[in-house]
Amino acid sequence: MLPKIALTIIVITIIIILFRKSDSLKKFKKSNSDNNAVEMKKDPICGLYVEDTTSHKVKLDEEVYSFCSKECRDKFIASKKK
Ligand SMILES: [Zn+2]
């Protein structure tokens, strides 16, 4: 039979491990938002998510569309020009 103190130490150790895990997770999330999290936009052509900082963009009807590549952007523009 385990002495009560040993059991307490085990429990505390588990709590510390869990706390550290959630703490580092919070830090990770926080640092992400601190960097002003790059917004992800969906490429309307291929469905890929691209960073909002992409240079492949087109503004149409007051809305900015982001694309993974020039090819997708060109396809989109072509489809809108019909
Ligand atoms: Zn694409």
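Only the coordinates and a few stated rules stand behind these numbers; no lab work does. Note that the structure is a prediction, hence the values are computed from the model and not measured. Cβ coordinates were reconstructed from backbone atoms using ideal geometry, including for glycine residues, and neighbour counts include every protein chain displayed.
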Net charge of Cβ neighbours under 14 Å - reference residue 41; Lys, Arg +1; Asp, Glu -1: -1
What number comes out for the charge environment of residue 58, summing +1 per Lys or Arg and -1 per Asp or Glu over other residues with Cβ under 10 Å away? +2
List the residues whose amide H sits under 5 Å from the amide H of residue 48, counting only those 5 or more places along or on another chain, with H placed 1.01 Å from N in the peptide plane. 43
Given the convex hull over the Cα atoms of segment 40-80, what projected area results after averaging over all orientations, in nm²? 2.5 nm²
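Here are some pairs, 41/81; 26/59; 26/70; 21/42; 57/82; 21/57; which of them have Cα atoms lying more than 29 Å apart in this structure?
Working: 41/81 22 Å; 26/59 36 Å; 26/70 37 Å; 21/42 31 Å; 57/82 19 Å; 21/57 39 Å.
Over 29 Å apart, Cα to Cα: 26/59; 26/70; 21/42; 21/57.
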